[in-house]
Amino acid sequence: VCVAICIPNWLRPGVKMGVGLRASRYPMRACDFIEAHGVRGPFFNNFASGGTLLWRFWPQRDRLPFIDIHQSGDAEIRRAYQAAIADFSAWRSLDGRFQFQAVLLDRTPGFVDNVSSDTTFAALFMDDAAVLLVRRGGPHQALIDSFEYRMLPPGESARHQMRALCVRDTVLRLQVMAELERARSASP
């Protein structure tokens, strides 16, 4: 019965049997940007993107993830990480302790809103899989001057607000559309 239930799906055009990864769900293009433009850490990342950073940049210590699939850090750091996901003041405390220079986040709603609202960081890369932010006034200031998304916010709630503003302001809409096109062209 189990095999019979699966047969219609196996016969559908375009369905392939096998195991694989959907590259569109991993920050592969963000890592390309990090490598191409010399972004260095210490990095902060959410758990989901830690494995990709580790796989891509090992053994470069200044590009390794803050937290990864190996449960980095002690219990106190893991608790601080969990608190930072939900609470902006906890994020500021964690950042104050570790002085992150780069932040790589997947597009999980809420967490991106929380961290990207920290104005000490600027968004340099965005696609459907990830957002890359770097600290203002630090070693990446030249990258910020060249690549910062000034109109297109990375967070979901900020994008909803921007969308409402674009309905009324055609000049703003054109500026946001230009940044959307840049983000689209940076990643398939």
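Got a number for carbon plus sulfur as a percent of the chain's accessible area, 1.4 Å probe?
Details: 6380 of 10900 Å².
Exposed carbon and sulfur together represent 59 percent of the surface.
With a cut-off of 8 Å between alpha carbons and a minimum separation of six or more residues, what is the relative contact order of region 41-90 in percent?
33
If the chain between residue 55 and residue 78 were fully stretched, how many nm would it gain, using 0.36 nm times the residue separation less the Cα-Cα distance?
6.2 nm
Determine the shape class of region 1-149: with a ≥ b ≥ c the square roots of the Cα gyration tensor eigenvalues, call it rounded for a/c under 1.5, and otherwise prolate if a/b is greater than b/c, oblate otherwise.
Since a/c reaches 1.5 and a/b is larger than b/c, the shape of region 1-149 is classed as prolate.
Counting each DSSP H run of 4 or more residues in the chain as -39500 (n - 2.57), what helix-only mean residue ellipticity at 222 nm follows after dividing by all residues, to the nearest 500 deg cm²/dmol?
After summing the helix terms and dividing by the residues of the chain, the value is -15500 deg cm²/dmol.
How much length would be gained if the chain were fully extended between residue 17 and residue 35, taking 0.36 nm per residue of separation minus their Cα-Cα distance, in nm to one decimal?
3.1 nm
Relative to the Cα centre, what is the charge dipole magnitude of region 4-119, using +1 at the beta carbon of each Lys and Arg, -1 at the beta carbon of each Asp and Glu, and rounding to the nearest 20 debye?
Roughly 460 debye for region 4-119.
Under 8 Å for C-alpha pairs, at least 6 residues apart: give me the relative contact order for the chain, rounded to a whole percent.
Taking the mean separation of contacting Cα pairs over the length of the chain, I get 18 percent.
Which whole-number value in Å² is the accessible area per residue of region 46-188, probe 1.4 Å?
With all protein chains present, region 46-188 gives 52 Å² per residue.
Using the beta-carbon distance between residue 160 and residue 184 and R0 = 25 Å, what value does 1/(1 + (r/R0)^6) give for FRET efficiency, to the nearest 0.05?
For R0 = 25 Å, the calculated efficiency reads 0.85.
Among 102, 75, 122, whose Cα lies farthest out toward the positive end of the dipole of region 70-188, if unit charges sit on the beta carbon of Lys, Arg (+1) and Asp, Glu (-1)?
Positive-end residue among those listed: 122.
The values are calculated or read from the model by the stated rules, or taken from the named source; none is laboratory data. Keep in mind that this is a model prediction, so the values were computed, not measured. Cβ atoms come from the backbone with ideal geometry, glycine included; neighbour counts cover every protein chain shown. Heavy atoms of the whole protein, side chains included, go into the accessibility calculation; ligands, DNA and RNA do not. Shrake-Rupley method; radii C 1.70, N 1.55, O 1.52, S 1.80 Å.
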